[in-house]
Amino acid sequence: IYKHNFLNIILHRKNPMNIPNLFSISRILLAVIFLLFLDSPTLSLIVFMIAALTDYFDGYLARKWNQQTELGKILDPLADKILVLVALLAIFIKYNFPYWYFLILIRDVNNLTVLPLLAKLKKSEVKLPLSATIPGKLTTVFQKLSIIFMLLNFHPSTFLMITIVIGFIAAVDYNRRV
C-alpha cells in the first residue's frame, strides 16, 4: 500500500480533525437533528440512539487507532453534555416530565461550576478537564438510557434515582481529584 494515501494519513496522523473527533462533532449535529424530529417519537428516538452510539465509537476508535487528541479530550465530553442537555430540555418542554428529573445532570453541573472553582481555591496544578472515571462514564451511560426511557414514554423514577446517585458519586470523585 502506498505510504501516503489519504486513508493512511487519516488513520495514522494525530490530526485534530480525525475520524473519532468527527464522531464527536456529529453528536452535536445530531442533537440539532433530534430537535427537528421531536414531533415524531420514533424518529427522535432513532436519532438520539445513533447520537448516543457515536460516543462509544469516538472513544473506541481514538484508542484503537491511537488518535487521542487535545481537541478530542474537550470535544467528546462537550458533545455529550450538549446532546444530553438539548434532549432533556426538549423532552421536558414537549412531554412535561417532573423537574426533579433534571437532577441527573448533577455531575455535569458540578464539573462546569464547582470543579473549576475548587481547583482555583485550592490552587491546584491539576489540568482541567479531568480524564473520565468509571463513575463519570457510568453517569453518561445512565443519563442517555434515562433519556431513551423518557422518549419511550416511561417514567423511569427508580432508574433516574440510580442515575442521580451515580452522578453524585462521580461529582464527589472528580472533586476529590482536584
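The values are calculated or read from the model by the stated rules, or taken from the named source; none is laboratory data. The model shown is predicted, which means the values in this text are computed figures rather than measured ones. Virtual Cβ from ideal backbone geometry, glycine too; neighbours counted across all protein chains shown. Side chains are part of the model used for accessible areas, which takes the heavy atoms of the whole protein and leaves out ligands, DNA and RNA. Shrake-Rupley method; radii C 1.70, N 1.55, O 1.52, S 1.80 Å.
Computed on protein heavy atoms with a 1.4 Å probe, the accessible areas place L105, L118 in the order L118, L105, largest first.
When the pairs K64/K137; K73/K144; K120/K144; K73/K120; K81/K120; K64/K94 are compared against a 29 Å limit on Cα-Cα distance, K120/K144; K64/K94 fall above it. Residue ranking by accessible heavy-atom surface, 1.4 Å probe, largest first, among D80, D39 comes out as D39, D80.
Give me the accessible area per residue for the chain, probe 1.4 Å, as a whole number in Å².
Numbers: 10460 Å² over 178 residues.
Result: 59 Å² per residue.
Give the carbon-plus-sulfur fraction of the accessible surface of the chain in %, rounded to a whole number; probe 1.4 Å, heavy atoms of protein chains only. After summing per-atom areas, the C and S share lands at 72 percent. On the basis of the beta-carbon distance and an R0 of 25 Å, T133 and I50 show a calculated FRET efficiency of 0.45.
Legend: residues I148, I74, I104, sorted from most to least accessible area (1.4 Å probe; ligands, DNA and RNA excluded), read I74, I148, I104. Among the DSSP helices (H) of the chain, those spanning at least 15 angstrom by Cα along their long axis with an average Kyte-Doolittle hydropathy of 1.6 or more are 19-36; this is a geometric and hydropathy rule only. Helical runs assigned H by DSSP (4 residues or longer) give the chain a calculated mean residue ellipticity at 222 nm of -23000 deg cm²/dmol, each run adding -39500 (n - 2.57) before division by the residue total.
When ranked by the protection proxy of mean other Cβ atoms within 10 Å per residue, highest first, what sequence do the peptides 21-28, 50-57 form?
In decreasing order of mean packing, 21-28, 50-57 become 21-28, 50-57.
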